[in-house]
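Each remark here refers to the structure printed beneath this line.
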Amino acid sequence: MSMIDATASVRRVGQGSRRVRLPRPLGAAAGVLLDRALGEPPGAVHPVALFGRLMAGVERTCYAERRGAGVAHAGAGTGIGLGAGAVLGSTTVAVALAVAGRGLAHAAAEAGAALQAGDLDRARSLLPSLVGRDPAGLDAQEMARAIVESVAENTVDAVVAPALWGALAGAPGALGYRAVNTLDSMVGHHSARYEHYGWASARLDDAAAWVPARLTAALVMLVRPGQCREVRRAVRTQAPGHPSPNAGVAEAAFAAALGLRLGGLNRYGERTELRVPLGFGRPAEPGDIARAVRLSHDVGTALAAGLGALGGARALRRRR
């Protein structure tokens, strides 16, 4: 084979590789389904856990009680996430790593089973994996409310947002978002240590999840059409009273779709917050946790179907 023939063959192979690359929305849909099938990697080797340990080291080195230091921390972490996504390249793998729908469902179902069995001590021991509030002194009904609210909020943070960012910006988008959300969970708190240092991470997470939260509410209406009017009313009239511009939207949508009333007094160590009522129904009970998990599952399914259809349409246009 001559050098010219070999070069032409390499070019044809390269062109063929580009043709079989999945459109980003289709890759994101595949990533959601891959997480559902396999779940997350073990914690010891999970990239998000490794990222958390790395950023804890950055905090130890750079911490100062001022916003500028927090801006640098948020910028470094976001850059690491974006860079990791660029190196990885695969939207499907990145979304599968960034999405945690199966883990969310398992954690909620395990705590719900403990509550329904009347084992409140075990439920309290499991609650910190889902929520940041203090479980001490919470009764079964308050723990059920906390878990349902966590399922709603994390349907945005751990399913819709990483998949949507993957569909929009590929692997850098998915892992960049997961980095932002992880930074918020680490330092984006109202506390003496993080009031200034965590400000940038919290605001960046608010911005990154703003559209995904509202898409989540729309998907809730899609998969629970009988409660569409109540969901719309709760999101429009009640969610603005929640301290989070995004968690309030998701929690209001879930509350209305499930016929529940969420919100109330939350305790975070020595700090308490009185949350506005969300939804128009009865207080949450342990049996409602499974219903919330099913709703989150259905939202993820609808999202994957929509992204898959969009990606399939793009692939067909490319072939033409």
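The values are calculated or read from the model by the stated rules, or taken from the named source; none is laboratory data. For clarity, every value in this text was computed on a predicted model and none was experimentally measured. Here the Cβ positions follow ideal geometry from the backbone for every residue, glycine too, while neighbour counts run over all protein chains shown.
Side notes on the structure shown:
- Of the residues in segment 211-228, none is in a loop (DSSP other than H, G, I, E, B), under 30 Å from Arg124 (Cα atoms) and not hydroxyl-bearing (Ser, Thr, Tyr).
- His46 fulfils the conditions (1) modelled with pLDDT under 95; (2) over 16 Å from Ala174 (Cα atoms) except for a single criterion, (2).
- Selection status of Arg275, farther than 18 Å from Arg214 by Cα, at pLDDT 95 or above, out of contact with any Pro (no Cβ under 7 Å at 6 or more places or on another chain) and not β-branched (Val, Ile, Thr): no
- Residue pairs whose Cβ atoms lie under 7 Å apart, separated by 6 or more positions or on different chains, with the first residue in segment 287-311 and under 12 Å from Thr155 (Cα atoms) and the second of a type in the set (Phe, Trp, Tyr) and surrounded by 19 or more Cβ atoms within 10 Å (Cβ to Cβ), are Ala292/Phe254; Leu295/Phe254.
- A residue that is within 25 Å of Ala167 (Cβ to Cβ) and either surrounded by fewer than 12 Cβ atoms within 10 Å (Cβ to Cβ) or at pLDDT 95 or above (or both) cannot be found anywhere in segment 54-73.
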